[in-house]
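**Q** Please read through the structure below; I'll follow up with questions.
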Amino acid sequence: MNSVIHWILNSFKQKPLPQIQPQYTIVPNDPRKIEKTNELRGLSAMPTLASYLYNGTEDVSKAAAGAIQQITNSCSVAELIQLDRAMRYISDWGSSHFTITQLFSRFHGQIGAIGIFASHQNGRIRETATRALALVHDGQELPFLFIRLNDWVPQVRSPAKDAIIDRIRPDYIAHFVKCLPLIFRLPEQHREDHTQLFHNILNLLHSRDGHSAITHALTSPDHHIRRLAFRLLLQNPSYEPTSMLLASLHSNDLTIRLLAGRELRHRLNDPPLLQTLEQMLIDPFMPIRREALYGFLERLPAASHGHFQAALLDPHVSIREFARFHLRNHEPFDFIEFYLDHLSTTENEILTTAIAGVGETGKPAHAATLIQFLNHRNALVRRASIRAIAHLDPEHHAEQLIAALQDSSVAVARIARDAIHTRPHLASPENLWSIFTSTTHQHVRGFTLDLIALAPWWNSISLFIRAVATGDEFVRQRVAVHLSNWEISPVRYLARPTPNQLLELDQLIASYPQSLNPSIMADLHQGIEWTKRQMLN
């Protein structure tokens, strides 16, 4: 199994899914309300619905079985696996042993309900449910049988495996395609060796009858199925995938687009190769543009220079760095002059990238050339300018960084905040407080509080109390976060306050006694008293 399939399966296994918690009080013992509960709660209603399969009246168990069927019909394979795990740990949803006939009767022939029953923690019950599933031949049973293939009880695994082997035939191909994530998990399951079963299923899917079903799976709403179907088509030795790959370059699935581009740059020859690589160069997904550059570098080196030079203005830094690396190794190239020449453009996208390029390749002296863009009408241009200046020469442009901290754009102000955060000496607490009191932007108040928190404790606490006293709930919550961090800081009192600072703090606490929550206020009183005693010694 190749590395791409491993990556797909790992994402399938690791993706977090909604937690399913048993809740037995939400569904009244009334069949008329069970369906509504299913609509509202979905997967979280499953434990309760399962309990009514056992404990409800005939009408209630019928309604519960129908609701479970609706849920399982809408579940992805990943959700069915989680349901299996969740239902195993529910101990009070019933333990009666049914025969297969009784099982179909009790669950009113609903295959989804029997499939959930096959996840029961009792091995004998799981075995009976698995044997009941083996008698069904409409495809609904197949994912539940695959799940039971890895059961820890051999008597459960055996009928599940026999049932799946019995279904390896052309009329079941479409059902197997819907179970692709479960099929590709088989080599990783070690309670039993499924190697031969895995290869037999793949041979069926690679047959002529399997081609149309797998091609149709490229449009599946489940991205795991789409991507595994894509790999199956590539691995089919009797299939020429070029047309499929070209069509996949327009897929909404970014992974499929990337895999298609990677394959095409190896498979195609010029002139179709040139046209395809040029199409990939304008793809909005950066890894696909990078694949196109690799294609030019490896397959069409004579035509690569112009494209690599154009890539110097790519909006993504990884592409720009790749282009600079290639050009630097092939000829002398003055990158800073290239970017400076493009600062005169009127196109905001190119200007933004040129400014970023100056920041990436320039020297401190070049920061001054970017000041002209700090008041640009486009926020992206302003953001790129602040980031570049902060990288090139922040020490001599503190005034510009402080001004950018007050920008109306959250993104621009955040870049300035981050730049000052690593150099807190650039903005004094008094200067930050002046910005806090004068700004009309909520995000600016938040960012100034973040920077005030970097100052020594005795410089900041008075400003925080003043800030909370404004009555702004956003400010109160922001300050509470910083003070909570300080509560557990072992170095907060290392700096000695001046008598004036202590006097001011006492006055503020007296003026605004309810400004901070009781625990922080009590901690603050304790700290002040301890500091006063230390100063007297």
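The values are calculated or read from the model by the stated rules, or taken from the named source; none is laboratory data. These figures come from a predicted structure and were not determined experimentally. Because the Cβ atoms are built from the backbone with ideal geometry, glycine has one as well, and the counts that use them run over all protein chains shown. Side chains are part of the model used for accessible areas, which takes the heavy atoms of the whole protein and leaves out ligands, DNA and RNA. Shrake-Rupley method; radii C 1.70, N 1.55, O 1.52, S 1.80 Å.
**Q** Could you please find all residues in region 160-170 being in a helix (DSSP H, G or I), open to solvent by 10 Å² or more (accessible area, probe 1.4 Å) and closer than 22 Å to His211 by Cα?
**A** Selection gives Ile165, Asp166, Pro170.
**Q** Which is over 27 Å from the mean Cα position of the chain (by Cα), in a helix (DSSP H, G or I) and at pLDDT below 95, of Ala217, Ala213? Talk me through it step by step, then tell me what you get.
**A** Values: Ala217 fails: over 27 Å from the mean Cα position of the chain (by Cα).
It is Ala213.
**Q** Could I ask something else about it? Please pick out the residue among Leu133, Leu149, Leu180 that is touching a residue at least 40 places away in the same chain (Cβ under 8 Å) and closer than 26 Å to Ile90 by Cα. Before the answer, list the steps.
**A** Values: Leu133 fails: touching a residue at least 40 places away in the same chain (Cβ under 8 Å); Leu180 fails: closer than 26 Å to Ile90 by Cα.
Result of the check over Leu133, Leu149, Leu180: Leu149.
**Q** Given the residues Glu399, Glu395, which is the only one that is over 31 Å from the mean Cα position of the chain (by Cα), within 22 Å of Arg445 (Cα to Cα), open to solvent by 20 Å² or more (accessible area, probe 1.4 Å) and of a type in the set (Asp, Glu)?
**A** Glu399
**Q** When you look at Arg262, is it open to solvent by 30 Å² or more (accessible area, probe 1.4 Å), within 20 Å of the chain's Cα centre (by Cα) and either of a type in the set (S, T, N, Q) or closer than 28 Å to Val77 by Cβ (or both), yes or no?
**A** In short, no.
**Q** I've got another one for you. Taking the criterion of being touching a His at 6+ places or on another chain (Cβ under 8 Å) and modelled with pLDDT of 80 or more, would at least one residue in region 430-449 satisfy it?
**A** yes
**Q** Restricting to region 319-358, what's the tally of residues that are open to solvent by 40 Å² or more (accessible area, probe 1.4 Å) and part of a helix (DSSP H, G or I)?
**A** So the count comes out to 13.
**Q** Among the numbered criteria (1) crowded, with 20+ Cβ neighbours inside 10 Å; (2) over 18 Å from Ile90 (Cα atoms); (3) at pLDDT 50 or above, which single criterion is violated by Gln70?
**A** Unmet condition: (1).
**Q** Moving on to the next point. Could you name every one of the helices (runs of 4 or more DSSP H) located completely within region 439-490 that has at least 2 residues being among the polar types (S, T, N, Q) and under 29 Å from the mean Cα position of the chain (by Cα)?
**A** Filter on region 439-490 gives 473-487.
**Q** Right, here's the next one. Return the only residue of Arg191, Arg157 being among the basic types (Lys, Arg), open to solvent by 40 Å² or more (accessible area, probe 1.4 Å) and either more than 24 Å from Asp222 (Cα to Cα) or free of Cβ contacts under 8 Å to residues at least 24 places away in the same chain (or both).
**A** Arg191
**Q** For residues in region 109-128 being under 14 Å from Ala50 (Cβ atoms) and in a loop (DSSP other than H, G, I, E, B), which is nearest to the chain's Cα centre (by Cα)? Quick ask: steps written out before the conclusion?
**A** Here is the first cut: in region 109-128, the residues under 14 Å from Ala50 (Cβ atoms) are 110, 112-122, 125-126.
In the following step, the residues that additionally are in a loop (DSSP other than H, G, I, E, B) were identified as 110, 118-122.
Details: Gln110: 35, Ala118: 32, Ser119: 29, His120: 32, Gln121: 33, Asn122: 36 Å.
Residue satisfying both the conditions and the ranking: Ser119.
**Q** Further question: Consider Ile173 carefully, then state whether it is touching a residue at least 40 places away in the same chain (Cβ under 8 Å), open to solvent by less than 60 Å² (accessible area, probe 1.4 Å) and either over 25 Å from Leu233 (Cβ atoms) or touching a His at 6+ places or on another chain (Cβ under 9 Å) (or both).
**A** The answer is no for Ile173.
**Q** Of all residues in region 176-188 being open to solvent by less than 50 Å² (accessible area, probe 1.4 Å) and either among the aliphatic types (A, V, I, L, M) or assigned to a helix (DSSP H, G or I) (or both), which is nearest to Trp152 (Cα to Cα)?
**A** Leu186
**Q** Could you list, in sequence order, the residues of region 402-427 that are open to solvent by 50 Å² or more (accessible area, probe 1.4 Å) and of a type outside the set (A, V, I, L, M)?
**A** Passing the criteria: Gln406, Ser408, Arg414, Asp418, His421, Thr422, Arg423, Pro424, His425.
**Q** Got a number for residues in region 140-154 being within 16 Å of Ile114 (Cβ to Cβ) and open to solvent by less than 10 Å² (accessible area, probe 1.4 Å)?
**A** 6
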